[in-house]
Amino acid sequence: MKEFQISLNSIDKVKNFVEKMSKYPFDIDIVSGRYVIDAKSIMGIFSLNLENLLTVIPHTDDEEALAKFSDDIKEYMK
């Protein structure tokens, strides 16, 4: 299972991120401390402290999908 560290420090970044995540057919989680949120839920993401780095976990073993996913979130990675 792959994990990515991202930063979503503006409303526009959260909105664009959720739009990108919604096109994937597999589950994607965001972990912040003890909280695990669905990455496709804009309200869930806004419930987190967005000043912290977030961990994104895509739940797929498809290497091609992971490569596309990784490319899609490059702008949010730290």
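Values for this structure:
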read-out: Unmet requirement for residue 38, which otherwise passes all of (1) touching a residue at least 24 places away in the same chain (Cβ under 8 Å); (2) touching a Gly at 6+ places or on another chain (Cβ under 7 Å); value: (1)
read-out: Options 12, 72, 61, 29; residue that is surrounded by 12 or more Cβ atoms within 10 Å (Cβ to Cβ), out of contact with any strand residue (DSSP E or B) (no Cβ under 7 Å at 6 or more places or on another chain) and of a type in the set (D, E, K, R); value: 72
read-out: Residue that is most open to solvent (accessible area, probe 1.4 Å), among those in segment 41-58 that are aliphatic (A, V, I, L, M) and touching a residue at least 12 places away in the same chain (Cβ under 8 Å); value: 53
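The values are calculated or read from the model by the stated rules, or taken from the named source; none is laboratory data. On a predicted model such as this, the values are computed, not experimentally measured, just so you know. For neighbour counting, all protein chains shown are included, and Cβ atoms are generated from backbone atoms with ideal geometry for every residue, glycine included. Areas reflect the complete protein model, heavy atoms only, side chains present, ligands, DNA and RNA absent. Shrake-Rupley method; radii C 1.70, N 1.55, O 1.52, S 1.80 Å.
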